[in-house]
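Working notes, structure below.
Coordinate-derived values only; no laboratory data. Just so you know, these numbers come straight off a predicted model, no measurement behind them. Here the Cβ positions follow ideal geometry from the backbone for every residue, glycine too, while neighbour counts run over all protein chains shown.
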Amino acid sequence: MEKTGNGKRENWGSKFGFIMAAAGSAVGLGNIWRFPYLTGENGGGAFIVIYLACVLIIGLSIMVAEFTVGRRTSLAAVGAYKTTDRRWTFAGVLGVLSAFFIMGFYPVVGGWSAAYIFKSATGLLSDPAAIVDTFSAFTANPIEPILWMLGYLVVNVIIVSKGVKGGIEAAGKVLMPTLFVLLIFISIRNVMLPGAGAGMEFLFKPDWTKVSGGTFLAALGQAFFSLSLGMGCMITYGSYLNKKESLPSSALQVTIMDTGVAILAGVAIFPALFAYGMEPAAGPSLIFMVLPTVFAEMGGFGVFLSIIFFIAFTVAALTSSVSLLEVVVAYLIDERKMERKKAVYGTAAIMVCTGILSSLSMGLMSEFKILGVVVFDFFDILTDKIFLAIGGMFIAIFVGWFMKKEDLKDELTNGGTIKFGLFEIWYNLIKFVIPLAIAVVAFVGITSIEQTSLMIFGLAIIVVLAIFSKKL
Ligand code: PFF
């Protein structure tokens, strides 16, 4: 194996720390912001059933695969692919590019969320009728959201520059349990509202008439996004894991937590929406427009709930964006032999630029379109609808067809010291079922969504990477 990296590789301090960091990466805007609005737009329960199937059959297996590749090679995504088979370097590079793209819009929403903690405490809810306009005016402002985004990025930089154990793990261990407690508190409060039953029914009773080809791609893309898969993030986190922990059980725990929080976020939001007669299909603004309006109806206690909610939301976002930053930083450390701090500052500097463009695309630059969409949507749609699912397909093909079955078994059973009874099932899923399933869903989905030129552009990027990144 080629020697890469700077010799001393960092490791997680404990199993709990690793699980919290990985769950921290998984649980984020995807669960609290995107999952509820996708569920709202796609007919509630039916979307949840399809989503759960994607998570259980595809997501969980891919997470096991990513952990396995990461720990086997002790390298982040690019190095992990490259040292095993040079022709696959592009799949790792695609992951690094995806991290940049997701970080093109993620800190903007993270900044909004941080701003809403402050706004909730300073009178946002006192005039419920103004809440919708406040959000539009705030996001369209050329300065205020950018300042919040910069503040949010600075916290990311501080955490990631402290390293794996002292920064990412330490933050995850405190922030994740905090998030669980806050969300459970809000959920319990909201299901007790009079009229909340209709929200629970919407969430859990499938309406199959709302399902189309696009629904499957939305569910699949969401499963990858939410579980932080398809871009080497879990390869990177797995690469810091010692040889004693069980990979399948770690993946299962992370998946359960991630799915649990998504459902919990649904329960925290929909019952209250229905109780106050609001629109469940409000789209991305659901969290920032509809929810504060719901909280405002509750009076003084609503202000308190709103503050707690946005703290939870910011915390969830932070532990995820930290992992996105780490994907790029780990690549620079492993492959470009950079020092951690330099890698963090350099990467964050680029993210500041993309973040500013994304933020401005909500106002000043809303007329500036790339292939028919504003900058924010460009980063979002490309990653969510195409890069992650295709990246997931690559990892499945790579593990199933380019790694030795004995090596996989050895890694998944810790050298034969623990049992993994489902190995054969997992292996066949990864080798045959999942690549095919993703190909079908991606094809049907990509052809059924409107942004055809954007999709073609995305596929072209992948082809270009495949041709040129062998030299990296
Ligand atoms: N899983 C995160 C969320 O649900 O918000 C987003 C994310 C983090 C995606 C890290 C991909 C990733 F590598």
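Dividing the summed helix terms, -39500 (n - 2.57) for each DSSP H run of n ≥ 4, by the number of residues in the chain produces a 222 nm estimate of -22000 deg cm²/dmol to the nearest 500.
In percent, rounded to a whole number, the relative contact order of the chain is 33, using alpha-carbon pairs under 8 Å and six or more apart.
With the convex hull drawn around the C-alpha atoms of segment 89-129, the volume per residue stands at 60 Å³. Across segment 111-222 the C-alpha pair distances fall into 10 Å bins from zero in the proportions 10, 21, 32, 31, 6 percent. Between residue 122 and residue 431, what is the FRET efficiency for a Förster distance of 51 Å, r being their Cβ-Cβ separation, to the nearest 0.05? That gives a FRET efficiency of 0.40. Cα centroid separation, segment 372-444 to segment 101-157: 35 Å.
Here the label points at residue 453 and residue 8, each 7 Å from Cα along the C-beta direction, are separated by 5.3 nm in the simple model. Normalised radius of gyration (Cα atoms, divided by 2.2 N^0.38 Å) for segment 314-372: 1.40.
Against the main long axis of the alpha-carbon atoms of the chain, helix 247-275 sits at an angle near 10°. Computed over the alpha carbons of segment 93-169, Rg followed by Dmax gives 15.5, 48 Å.
Placing unit charges on each Cβ (+1 for Lys and Arg, -1 for Asp and Glu) gives segment 198-324 a dipole about its Cα centre, and among 262, 302, 281 the Cα reaching farthest toward its positive end belongs to 262.
Over 27 Å apart at the Cα level, from the set 405/470; 119/210; 173/243, are 119/210.
Solvent-free Debye calculation, one equal scatterer per alpha-carbon of segment 171-277: log10 I(q)/I(0) at 0.15, 0.19, 0.22 Å⁻¹ equals -0.85, -1.11, -1.23.
The translational diffusion coefficient of segment 55-194, from Stokes-Einstein at 37 °C and 0.692 mPa s with a Kirkwood hydrodynamic radius over alpha carbon pairs, comes to 174 µm²/s. Using only Cα atoms and rounding to the nearest 10 degrees, what angle (0 to 90) does helix 144-161 make with the longest principal axis of the chain? So the inclination is approximately 30 degrees. The base-10 log of I(q)/I(0) for segment 321-472, evaluated at q = 0.13 Å⁻¹, reads -0.87 [Debye formula, identical scatterers on Cα atoms, solvent excluded].
Maximal additional length on extending the residue 339-residue 285 stretch stands at 15.5 nm, based on 0.36 nm per residue less the C-alpha distance. Inter-label distance, residue 207 to residue 440: 2.7 nm, where each label sits 7 Å from its Cα along the C-beta direction.
Extents of segment 193-345, taken as max minus min of Cα coordinates on every principal axis and listed largest first, are 57, 38, 30 Å. For a straight C-alpha distance cut-off of 12 angstrom, the aspartates and glutamates reachable from residue 165 (same-chain residues fewer than eight places away being disregarded) are 10. How far, in degrees from 0 to 90, does helix 170-191 lean away from the longest principal axis of the Cα atoms of the chain, to the nearest 10? Taking the Cα atoms of the chain, the angle to 170-191 is about 40 degrees.
Built from the Cα atoms of the chain, the convex hull projects on average onto 20.2 nm², one quarter of its surface area.
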